[in-house]
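Enquirer: Sending over a structure as structure tokens; questions will come in a sec.
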Amino acid sequence: MYSNEFEKCFADFLDRHEYDDAENALFAMVRIAFSAGWQAAGGAPPQSERIYELLPSVPCDPQP
């Protein structure tokens with residue numbers, strides 16, 4: 001088990017934007033490697049898709 005000082009310093013490190021940048025880069029690298037393996041094994045390449053789509057609002061008719 002690590003000391004309380006270590007745990008505090010580690011938590012402070014995790015809260016820094018540099019950690020977020022590194023984590024995002026690592027995730028992207030793993031995803032690209034997985035995609036390459038997937039395609040090498042005969043899988044279809046990923047298709048670009050919308051993340052979300054805004055729906056038009058529909059006015060409500062007041063009930064009499």
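The values are calculated or read from the model by the stated rules, or taken from the named source; none is laboratory data. Because the structure is predicted, anything quoted here is derived from the model rather than measured. Cβ coordinates were reconstructed from backbone atoms using ideal geometry, including for glycine residues, and neighbour counts include every protein chain displayed.
Enquirer: Just to be sure I understand the filter: pairs with C-beta atoms under 8 Å, separated by 6 or more residues or on different chains, first member in the stretch 3-19 and without any contact (Cβ under 8 Å) to a residue 40 or more places away in the chain, second member loosely packed, with under 10 Cβ neighbours inside 10 Å. Which pairs pass?
Expert: Matching pairs, first to second residue: PHE10/TYR2.
Enquirer: Among the residues of the stretch 20-41, is there at least one that is outside any helix (DSSP H, G or I), modelled with pLDDT of 95 or more and out of contact with any Phe, Trp or Tyr (no Cβ under 7 Å at 6 or more places or on another chain)?
Expert: yes
Residues checked against (1) out of contact with any Leu (no Cβ under 6 Å at 6 or more places or on another chain); (2) loosely packed, with under 10 Cβ neighbours inside 10 Å; (3) polar (S, T, N, Q):
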position	(1), (2), (3)
TYR2	yes, yes, no
ASP21	yes, no, no
ASN24	yes, no, yes
ALA28	yes, no, no
PHE34	yes, no, no
GLY43	yes, no, no
ILE51	yes, yes, no
LEU55	yes, yes, no
CYS60	yes, yes, no
